[in-house]
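The values are calculated or read from the model by the stated rules, or taken from the named source; none is laboratory data. If you're wondering where the values come from, they're calculated on a predicted model, not measured in any experiment. All Cβ positions, even for glycine, are placed from backbone atoms using ideal geometry, and neighbour counts span all protein chains on display.
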Amino acid sequence: MQETATVQCPYCGQECEVALDTTIASQQFTTDCEVCCRPFSVHAECELGEVVSTYAAGG
Ligand SMILES: [Zn+2]
């Protein structure tokens, strides 16, 4: 089950939408900011069908 969540780029502050698989309780991945193009890591906690929390950090 996929949900979208909004995370804030730790570099420029731009809010980016990411797709999360909510069947995975705890996940971490890297995404590129669509504005400043810098990669940052996203940590997400999910429950089935729901994004509980997200955390973005620079690398
Ligand atoms: Zn950015």
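Taking the residues in the stretch 14-30 that are out of contact with any Ser or Thr (no Cβ under 8 Å at 6 or more places or on another chain) and closer than 19 Å to residue 3 by Cβ as candidates, determine which candidate is nearest to the ligand (Cβ to nearest atom). Ranking the candidates gives 27 first.
In this structure, does residue 51 turn out to be part of a strand (DSSP E or B), without any contact (Cβ under 8 Å) to a residue 60 or more places away in the chain, within 13 Å of the ligand (Cβ to nearest atom) and out of contact with any Cys (no Cβ under 8 Å at 6 or more places or on another chain)?
So residue 51 does not fit the description; no.
Of all residues in the stretch 18-32, none satisfies being surrounded by 12 or more Cβ atoms within 10 Å (Cβ to Cβ), of a type in the set (Asp, Glu) and within 13 Å of residue 55 (Cα to Cα). Checking each residue in the stretch 35-49 for being surrounded by fewer than 12 Cβ atoms within 10 Å (Cβ to Cβ) and of a type in the set (Asp, Glu) picks out only 47. When the stretch 34-59 is filtered for residues that are at pLDDT 95 or above and in contact with a Phe, Trp or Tyr (Cβ under 8 Å, 6 or more places away or on another chain), the ones remaining, listed by number, are 36, 38, 40, 41, 42, 43, 44, 56, 57.
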